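Colleague: What follows is a structure written as structure tokens; I'll ask about it next.
The values are calculated or read from the model by the stated rules, or taken from the named source; none is laboratory data. What you see is a predicted model; the values in this text were computed from it and never measured. Virtual Cβ from ideal backbone geometry, glycine too; neighbours counted across all protein chains shown. The protein model used for the area step is the full one, side chains on, heavy atoms only, and it has no ligands, DNA or RNA in it. Shrake-Rupley method; radii C 1.70, N 1.55, O 1.52, S 1.80 Å.
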Amino acid sequence: STVIRKKISEQVDISLKFRDEADILFEKAQKTLAKHTGINDLKQLKPSYLESSQDRYFSLSKIQLKNRFDATFHDPIITKIIDQLKKTKLELTTIDDPRISKEIFLPGRFKRIFVKEEFGIPFLGGRNIVQFVPQQLKYLSKELHKELISNDVSIKENMILITRSGTIGRVLLTPKHFEGYTATEDIIRISPSGEIHSGYIYAFLSSDFGKKLITRNTFGSVVGHIDTKNIASIPILLLKKNINDEIGDMIFEAFSKLTRAYNL
């Protein structure tokens, strides 16, 4: 009927409005982060010799090696990012700092038993965590995976998820509408401690330079991987509390709008 069509149209319009507002907040949060870290564009950090058409190389001291002999780990842009973060004169810590995270973990591998939607819990794969409405979802058996669902594979609101193999470094702050979903063991979970705003942690890790800090740790000759130890060692800058909270609140508001759009 005309009434139903009008109602559907109105809900779609409001949903799109919430999504647009969320995008504006995500962008504003990243601009605020860039302002306080001094990293507006990774191109500005690219050493001039990398633009040269001649042979490109760089040297390291053995202290800098950290037992990594793969050149990608020592990408000069990474060094520039860390140098710039240090220039702020603010505290540079790591993701395993107890002020940042209570736990960084990965569920063990298990044989998945999928069932029809009415008998299961939504199961997120790596590509699903960047989808507003997850597509081609599978459903993990509630009955046969009861213990795993309650202990290991379920995700909670504001938990930070990072893909660890194949396409590495996709980051998600679990929104309310994903609460209670399950996720693949190829996604690393960070349980924020609550002392540093989890929205800020997400903003930092999902920034252009944050992704570089994640993917530098990639290992594997065929399919790339990272593990929980790699995530634990990622450096993160602690801004002043009011700035951390300002950025984090914008991220929270953005995800809240996405959830409202999803529900509509």
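Yes/no matrix, rows are residues, columns are (1) over 30 Å from Leu264 (Cα atoms); (2) within 24 Å of the chain's Cα centre (by Cα); (3) at pLDDT 90 or above:
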site	(1), (2), (3)
Glu51	yes, no, no
Gln54	yes, no, no
Thr72	yes, yes, no
Ile78	yes, yes, yes
Leu85	yes, yes, yes
Glu103	yes, yes, yes
Arg109	yes, yes, no
Gln131	no, yes, no
Lys142	no, no, no
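Colleague: Only residues that are within 17 Å of Leu173 (Cα to Cα) and in contact with a Ser or Thr (Cβ under 6 Å, 6 or more places away or on another chain): list them for segment 102-122, please.
Modeller: Answer for segment 102-122, where residues must be within 17 Å of Leu173 (Cα to Cα) and in contact with a Ser or Thr (Cβ under 6 Å, 6 or more places away or on another chain): Lys102, Glu103, Ile104, Leu106.
Colleague: Looking only at segment 187-205, decide whether some residue is among the aromatic types (Phe, Trp, Tyr) and over 14 Å from the mean Cα position of the chain (by Cα).
Modeller: First pass over segment 187-205, keeping only residues among the aromatic types (Phe, Trp, Tyr): 200, 202, 204.
Cutting the leftovers down to over 14 Å from the mean Cα position of the chain (by Cα) gives us none.
Within segment 187-205, none of the residues are among the aromatic types (Phe, Trp, Tyr) and over 14 Å from the mean Cα position of the chain (by Cα).
Colleague: Only one of these conditions is not met by Ile63: (1) exposed (fewer than 12 other Cβ atoms within 10 Å of the Cβ); (2) at pLDDT 80 or above; (3) not in a helix (DSSP H, G or I). Which number is it?
Modeller: Answer for Ile63: the failing condition is (3).
Colleague: Which members of segment 237-264 meet the condition of being hydrophobic (A, V, I, L, M, F, W, C), more than 12 Å from Leu33 (Cα to Cα) and either open to solvent by less than 60 Å² (accessible area, probe 1.4 Å) or modelled with pLDDT of 95 or more (or both)? Write out each step before concluding.
Modeller: Taking segment 237-264 and keeping what is hydrophobic (A, V, I, L, M, F, W, C), we get 237-239, 243, 247, 250-252, 254-255, 258, 261, 264.
Cutting the leftovers down to more than 12 Å from Leu33 (Cα to Cα) gives us 252, 254-255, 258, 261, 264.
Once the filter is applied, which keeps residues that are hydrophobic (A, V, I, L, M, F, W, C), more than 12 Å from Leu33 (Cα to Cα) and either open to solvent by less than 60 Å² (accessible area, probe 1.4 Å) or modelled with pLDDT of 95 or more (or both), segment 237-264 yields Phe252, Ala254, Phe255, Leu258, Ala261.
Colleague: Now for a separate question. With respect to Ser141, determine if the residue is more than 30 Å from His197 (Cα to Cα), crowded, with 17+ Cβ neighbours inside 10 Å and polar (S, T, N, Q).
Modeller: When the stated conditions are applied, Ser141 passes them.
Colleague: Which ones in segment 71-127 are open to solvent by less than 70 Å² (accessible area, probe 1.4 Å), in contact with a strand residue (DSSP E or B) (Cβ under 8 Å, 6 or more places away or on another chain) and in a helix (DSSP H, G or I)?
Modeller: Ile82, Leu85
Colleague: For residues that are out of contact with any Leu (no Cβ under 7 Å at 6 or more places or on another chain) and part of a helix (DSSP H, G or I), scanning just segment 220-236, find the one that is surrounded by the fewest Cβ atoms within 10 Å (Cβ to Cβ).
Modeller: Filtering segment 220-236 for residues that are out of contact with any Leu (no Cβ under 7 Å at 6 or more places or on another chain) and part of a helix (DSSP H, G or I), the one surrounded by the fewest Cβ atoms within 10 Å (Cβ to Cβ) comes out as Lys229.
Colleague: Return a yes/no flag: does segment 7-29 have any residue that is among the charged types (D, E, K, R), modelled with pLDDT under 80 and open to solvent by 80 Å² or more (accessible area, probe 1.4 Å).
Modeller: The first filter runs over segment 7-29 and keeps only residues among the charged types (D, E, K, R), leaving 7, 10, 13, 17, 19-21, 23, 27-28.
Subsequent filtering for residues that are modelled with pLDDT under 80 retains none.
So far as segment 7-29 goes, no, none of its residues is among the charged types (D, E, K, R), modelled with pLDDT under 80 and open to solvent by 80 Å² or more (accessible area, probe 1.4 Å).
Colleague: Any idea which of (1) under 26 Å from Val133 (Cβ atoms); (2) open to solvent by less than 30 Å² (accessible area, probe 1.4 Å) is the one Lys211 doesn't satisfy?
Modeller: In the conditions (1) under 26 Å from Val133 (Cβ atoms); (2) open to solvent by less than 30 Å² (accessible area, probe 1.4 Å), Lys211 misses (2) alone.
Colleague: Do you know which residues across segment 240-264 are among the polar types (S, T, N, Q) and either closer than 11 Å to Phe26 by Cα or in contact (Cβ under 8 Å) with a residue 24 or more places away in the chain (or both)? Don't jump to the end; show me each part of the working.
Modeller: Narrowing segment 240-264 to residues among the polar types (S, T, N, Q): 242, 244, 256, 259, 263.
Hits for segment 240-264 are Asn244, Ser256, Thr259, Asn263.
Colleague: Sticking with this one: Out of (1) modelled with pLDDT under 95; (2) open to solvent by 20 Å² or more (accessible area, probe 1.4 Å), the odd one out for Asn217 is which?
Modeller: Exception for Asn217: condition (2).
Colleague: While we're on this one: Restricted to segment 177-196, and to residues that are among the β-branched types (Val, Ile, Thr) and at pLDDT below 90, which residue is surrounded by the most Cβ atoms within 10 Å (Cβ to Cβ)? Before you say what the answer is, go through the steps one by one.
Modeller: Our first condition is that a residue be among the β-branched types (Val, Ile, Thr); within segment 177-196, this holds for 182, 184, 187-188, 190, 196.
Those left that are additionally at pLDDT below 90: 182, 184.
Details: Thr182: 23, Thr184: 21.
Applying the filter and picking the extreme gives Thr182.
Colleague: In segment 144-158, how many residues are among the aliphatic types (A, V, I, L, M), open to solvent by 40 Å² or more (accessible area, probe 1.4 Å) and part of a helix (DSSP H, G or I)?
Modeller: So in segment 144-158, the residues among the aliphatic types (A, V, I, L, M) come out as 144, 148-149, 153, 155.
Checking the rest, the ones that are also open to solvent by 40 Å² or more (accessible area, probe 1.4 Å) come to 144, 148.
Still in the list and also part of a helix (DSSP H, G or I): 148.
Residues flagged as among the aliphatic types (A, V, I, L, M), open to solvent by 40 Å² or more (accessible area, probe 1.4 Å) and part of a helix (DSSP H, G or I) within segment 144-158 amount to 1.
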